[in-house]
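The block underneath contains the structure these notes are about, expressed in structure tokens.
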Amino acid sequence: MPRSFEVTFDSPASVEQVFGAFGDRAYWLARLEAFGGEKTLDALDVDADGRIRVVVTEDLRHGALPGVLAKVYRGDLNIVTTEVWTPAGDGRVDGEITVAVTGAPGSGSGTAVLERVGTGSRLALNGTVRFKMPLVGGPIESFLAREFAQGIPDIQRFTTTWLSENA
């Protein structure tokens, strides 16, 4: 059964600043380096309407597999994350995140809203994690949902710090 999670994070950075970072290659390279692992920036596209599409692949073969998954799944495993951020007007940006797992029966998805709060911004994300594996799928989904719920604020803190150092 899929596990859902919600995350909300407030930042002193404005919506425009955060959205600008999402379209900046230097931001993504710094973010991937800061969080370690075998990650590559496969695509960063900004279209004429300002829509940003980012694709990141993480190779978990070299000891980066989370403990609970390493016990259950010993094969090659890649996680491909696609983020699409679209200006929605009135200082708001809508996001769609999809996570595809190559080499295991897992996936994830989420919708996000980045909006103004005072002089800063708030990111609200609703996500779902699926790991279709008899007997252990539920515990793995719960583990991954907790990991995402804890990790997304870390990413937003990184974004706030990166903006303060690179604006």
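The values are calculated or read from the model by the stated rules, or taken from the named source; none is laboratory data. Since the structure is predicted, the reported quantities are computational estimates derived from the model, not experimental observations. Cβ coordinates were reconstructed from backbone atoms using ideal geometry, including for glycine residues, and neighbour counts include every protein chain displayed. Quick note on the areas: whole protein, heavy atoms, side chains included, nothing else; ligands and nucleic acids left out. Shrake-Rupley method; radii C 1.70, N 1.55, O 1.52, S 1.80 Å.
Determine the order of R51, R3 by accessible area, beginning with the largest, at a probe radius of 1.4 Å.
The ordering from most to least exposed comes out as R51, R3.
L123: net charge of surrounding residues, Cβ under 13 Å, Lys/Arg +1, Asp/Glu -1, itself excluded? Before the final figure, lay out the partial values.
Details: positive: R92, R116, R122, R157; negative: E6, D10, E83, D94, E115, D154.
That sum, taken over residues with Cβ under 13 Å, equals -2.
Ordered by residue, what ³J(HN,Hα) values in Hz, to whole numbers, does segment 154-162 give under the Karplus form 6.51 cos²θ - 1.76 cosθ + 1.60, where θ = phi - 60° and Gly and Pro are x?
For segment 154-162, the Karplus-derived couplings read 4, 5, 5, 5, 4, 4, 4, 5, 4 Hz, x marking Gly and Pro.
Using amide H atoms built in the peptide plane, which far-off residues or other-chain residues are under 5 Å from A13 H to H?
The list, which skips near neighbours in sequence, is S121.
Residue-wise, which Karplus ³J(HN,Hα) couplings in Hz belong to segment 94-105, taking 6.51 cos²θ - 1.76 cosθ + 1.60, θ = phi - 60°, and x for glycine or proline?
9, x, 10, 10, 10, 10, 10, 10, 9, x, 7, x
Please list, by residue number, everything in segment 81-103 whose backbone N is under 17 Å from a paramagnetic label point 7 Å out along Cα→Cβ of L41.
81-85
Using the Karplus curve 6.51 cos²θ - 1.76 cosθ + 1.60 with θ = phi - 60°, what ³J(HN,Hα) values do you get for each residue of segment 12-26, in whole Hz, with x for Gly and Pro?
Ordered by residue, 3J(HN,Hα) equals x, 6, 6, 4, 4, 5, 5, 4, x, 5, 4, x, 10, 4, 4 Hz.
Using label points projected 7 Å from each Cα along Cα→Cβ, tell me how many nm separate A48 and A34, to one decimal.
3.4 nm
Report the net charge of residues surrounding T111, where surrounding means a beta-carbon distance below 10 angstrom and charges are Lys +1, Arg +1, Asp -1, Glu -1.
Spelling it out: positives minus negatives among the neighbours equals -2.
Suppose R0 equals 41 Å. What FRET efficiency, 1/(1 + (r/R0)^6) with r the Cβ-Cβ distance, do A124 and A26 give to the nearest 0.05?
0.95
So if R0 is 35 Å, what FRET efficiency would T161 and T102 give, r being the distance between their Cβ atoms, rounded to the nearest 0.05?
0.65
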